[in-house]
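Q: Dropping a structure here in structure tokens format, bear with me for questions.
The values are calculated or read from the model by the stated rules, or taken from the named source; none is laboratory data. Everything numeric here is computed off the predicted structure, so don't read it as measured data. All Cβ positions, glycine included, derive from the backbone under ideal geometry; neighbour counts span all protein chains shown. All accessible areas refer to the heavy atoms of the entire protein, side chains included, with ligands and DNA or RNA removed. Shrake-Rupley method; radii C 1.70, N 1.55, O 1.52, S 1.80 Å.
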Amino acid sequence: MPTSIQTVLDQVAKKIVPSEAERTRMSRLAQTLKEQVQSILAKSGVGGNVSIQGSYARDTWLSGEADLDIFASFPTTMDRKEWTEKVLPAIRKGIRAETIDRYAEHPYLEFHIEGIRVNVVPCYSVEKGQWKSATDRTPYHTEYMRKYLTPEMRLEARLLKRFMKGIRSYGAEIRVGGFSGMLVETLILHYRSFLETLTRASSWKPVIFLDIENPSSSQDRRFRELGSPLVVIDPVDPNRNLAAAVRDDKLWGFVAASRELQNNPGRWYFFPPRPKPRTKSEFAKLFDNQGRDIVAISFEHSRIVPDVLWGQLLKVENSLVELMVRQDFHPVRSTVWSDESRSSTILVELESWTLPGVQMRQGPPVSKQDDSRGFLERHLNVRDTVRGPWVEGNRWVVDKKRRILTIKQLVLAALKDRKLGLALPEQLDRYFHQNVRVLQDRQILSLLGIEGFDQALSEFLEAKPAWLKTHH
């Protein structure tokens with residue numbers, strides 16, 4: 001007999017609700033770090049008010065996956081430059097841990113203590129609505145959720161969060177483009193439970209518009225014009241869409257997985273099993289059976305703040321795919337992989353990585369006399385005309401010699417010739433020029449072994465999401 005969805009949820013709940021011991025440990029750590037950051041700031045003379053924010057403060061964090069968000073709020077008279085020049089360096093020096101600089105619209109520090117990821121985030125202490133930086137709303141978010149989320153709803157929010165993580169739709173950072181914690185909690189406040197959220201999401205159609213503070217303001221025109229398919233008004237800021245960062249594939253992946261979980265319940269949506277590693281020869285077989293070509297455009301670079309790096313990689317991916325479309329290579333789909341420290345790769349699947357040496361070009365209708373004359377002057381008896389011109393139906397056509405025949409030639413030509421229109425963001429431009437490699441099909445096997453790449457390649461070749469299984 002198939003498992004009921006309730007059984008699955010009960011099993012998942014046992015794994016994601018923190019135990020008393022874990023809560024005690026977290027609360028000790030949170031308190032210690034808060035006092036530590038407060039005293040570092042006091043000693044360095046920058047002051048500031050330190051508080052704990054985020055899912056820990058709202059009690060929607062998941063067992064074994066805790067993050068601590070420590071916020072330091074400053075008066076609006078402080079210049080933002082002081083955050084990067086005084087505040088963060090003081091904390092970096094005072095905390096005994098390896099710190100990473102992060103950047104999400106604005107700078108913050110990340111480090112790990114006792115296996116827990118800690119973020120130290122500066123913000124401004126402002127009145128509601130007088131926002132000066134992206135993180136100023138967070139303390140208001142925390143206060144709002146502490147007030148309105150009941151203990152029952154916190155479990156529901158944890159289930160929704162774990163589900164979204166399992167199907168890879170969770171996380172508002174650029175790398176993911178998914179649902180933020182605040183968005184998940186707002187959905188639970190609106191729909192009251194995890195199952196109700198799934199039921200309702202299963203029949204979402206664009207534009208989905210939710211405003212829990214003003215339920216009657218159905219379809220606010222301002223947001224309809226933004227072109228975002230999901231609009232969830234931020235309960236502390238009526239001018240902000242909490243779902244603005246959610247990319248289409250993450251939104252509709254969530255909708256599809258919501259339907260599947262109801263029709264075919266299982267724990268694997270929440271806790272996907274680790275894929276078993278493939279050998280080189282298994283990969284080689286996969287390439288041989290693709291029916292299309294796969295190209296990897298790979299390059300090494302120096303360390304760049306991850307949020308900035310991902311923003312730039314997505315631009316490179318976009319620009320490369322558009323270049324391939326313009327040059328008739330017919331890309332089918334693409335993805336970006338990076339180890340976030342020095343190596344990144346754009347994977348593209350295309351109908352073929354080579355093109356025939358001849359390209360037919362449409363000319364003007366014969367009835368247009370001047371255009372026809374111009375066309376003949378340009379193409380008659382010139383070096384790159386292979387055949388023609390001739391009249392086909394009602395217009396002139398000509399066969400031209402194609403200059404660029406392979407993806408490799410295309411990428412290298414685009415690096416030399418700006419007219420081809422490959423736009424590279426400045427931080428990656430130099431590295432891309434220096435060491436880009438264009439590999440196709442089995443040549444890509446030479447990249448195996450770079451940490452995390454094997455799994456990314458495996459998933460790209462597989463294409464089908466891990467949560468999608470045959471119904472029993």
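Q: Largest first, how would SER352, SER216, SER258 line up by accessible area (1.4 Å probe)? Provide the component values of the computation, followed by the final result.
A: Values: SER352 35, SER216 105, SER258 0 Å².
Descending accessible area places them as SER216, SER352, SER258.
Q: Quick check: from the Cα gyration tensor, does the stretch 113-257 come out rounded (a/c under 1.5), prolate or oblate?
A: rounded
Q: Further question on the same structure: Pull out the extension gain between ASP371 and ALA256, defined as 0.36 nm times the separation in residues minus the alpha carbon to alpha carbon distance; nm, one decimal.
A: Fully extending the segment from ASP371 to ALA256 adds 36.2 nm.
Q: Report, by chain and number, residues whose modeled amide H sits under 5 Å from the one on TYR124, excluding near sequence neighbours (fewer than 5 apart, same chain).
A: Amide H neighbours of TYR124: PHE74, SER133, ASP136.
Q: Quick one: accessible area per residue over the chain, 1.4 Å probe, rounded to a whole number of Å²?
A: Normalised by residue count, the accessible surface of the chain is 52 Å².
Q: For helix 426-435, what angle does its Cα long axis make with the longest principal axis of the chain, in degrees from 0 to 90 and rounded to 10?
A: With rounding to tens, the tilt is 60 degrees.
Q: How far, in nm, would the chain grow between THR32 and THR150 when pulled straight, counting 0.36 nm per residue and subtracting the alpha carbon separation?
A: The span from THR32 to THR150 would gain 39.7 nm if fully extended.
Q: May I pose another question? Output the 0 to 90 degree angle, nearest 10, between the alpha-carbon long axis of helix 369-379 and the longest principal axis computed from the alpha carbons of the chain.
A: 90
Q: Please go through the stretch 111-203 and write out the GluC sites (Glu not before Pro) that DSSP classes as loop and that have at most 15 other C-beta atoms within 10 Å.
A: GLU114, GLU127, GLU173
Q: Could I ask something else about it? What is the diffusion coefficient of the chain in µm²/s, taking the Kirkwood radius over Cα pairs and the Stokes-Einstein relation at 4 °C with a viscosity of 1.567 mPa s? Intermediate values should be presented prior to the final figure.
A: On the way: Rh = 25.9 Å.
The Stokes-Einstein estimate is 50 µm²/s.
Q: Round to the nearest 10 and give me the degree value, 0 to 90, for the angle of helix 5-16's Cα axis relative to the longest principal axis of the chain.
A: 70
Q: Taking the dipole about the Cα centre of the chain, with the C-beta of Lys and Arg at +1 and of Asp and Glu at -1, give me whichever of ILE5, ILE95, LEU445 is farthest to the positive side.
A: Of the listed residues, the answer is LEU445.
Q: Given an 8 Å cut-off on Cα distances and at least 6 residues of separation, report the relative contact order of the stretch 297-438 as a percent.
A: Relative contact order for the stretch 297-438 comes out at 29 percent.
Q: Continuing with this model, one more query. Viscosity 1.306 mPa s, temperature 10 °C: Stokes-Einstein D of the stretch 270-398 from its Kirkwood Cα radius, in µm² per second?
A: Numbers: Rh = 19.0 Å.
So the translational diffusion coefficient is about 84 µm²/s.
Q: Going by amide H atoms built from the backbone, whose H comes under 5 Å of the H on ILE113, apart from near neighbours?
A: Those lying under 5 Å, H to H, from ILE113 are VAL118.
Q: Continuing with this model, one more query. Given charges of +1 on the Cβ of Lys and Arg and -1 on the Cβ of Asp and Glu, with all other atoms neutral, how large is the dipole of the chain about its Cα centre, in debye to the nearest 20?
A: 680
Q: Which percent of the accessible heavy-atom area of the stretch 261-350 goes to carbon and sulfur, probe 1.4 angstrom?
A: Numbers: 2010 of 4210 Å².
About 48 percent, which is the carbon plus sulfur part of the accessible surface.
Q: Also, quick follow-up: Would you kindly state how much longer the chain becomes between ASP441 and SER19 on full extension, computed as 0.36 nm times their sequence separation minus their alpha carbon distance, in nm to one decimal?
A: 147.1 nm
Q: Please list, ordered by chain and number, the residues whose modelled amide H lies under 5 Å from the amide H of GLY171; skip anything fewer than 5 residues away on the same chain.
A: Distant-sequence amide H within range of GLY171: GLY178, PHE179, SER180.
Q: Quick one: 3J(HN,Hα) in Hz for the stretch 20-26, Karplus 6.51/-1.76/1.60 with θ = phi - 60°, rounded, Gly and Pro as x.
A: Each residue of the stretch 20-26 in turn: 4, 4, 5, 4, 4, 4, 5 Hz.
Q: Would you compute, from DSSP H runs of 4+ residues alone, the mean residue ellipticity of the chain at 222 nm, taking -39500 (n - 2.57) per run and dividing by the full residue count, rounded to the nearest 500?
A: Calculated from helices alone, the mean residue ellipticity at 222 nm is -12000 deg cm²/dmol.
Q: Exceeding 29 Å between C-alpha atoms, which entries from my cross-link table qualify? They are LYS419/LYS464; LYS15/LYS250; LYS368/LYS408.
A: From the list (LYS419/LYS464; LYS15/LYS250; LYS368/LYS408), the Cα-Cα distance tops 29 Å for LYS419/LYS464; LYS368/LYS408.
Q: Same structure, new question: Leaving out ligands, DNA and RNA but keeping every protein chain, what accessible area does HIS190 have, in Å² rounded to the nearest 10, with a 1.4 Å probe?
A: It works out to around 70 Å².
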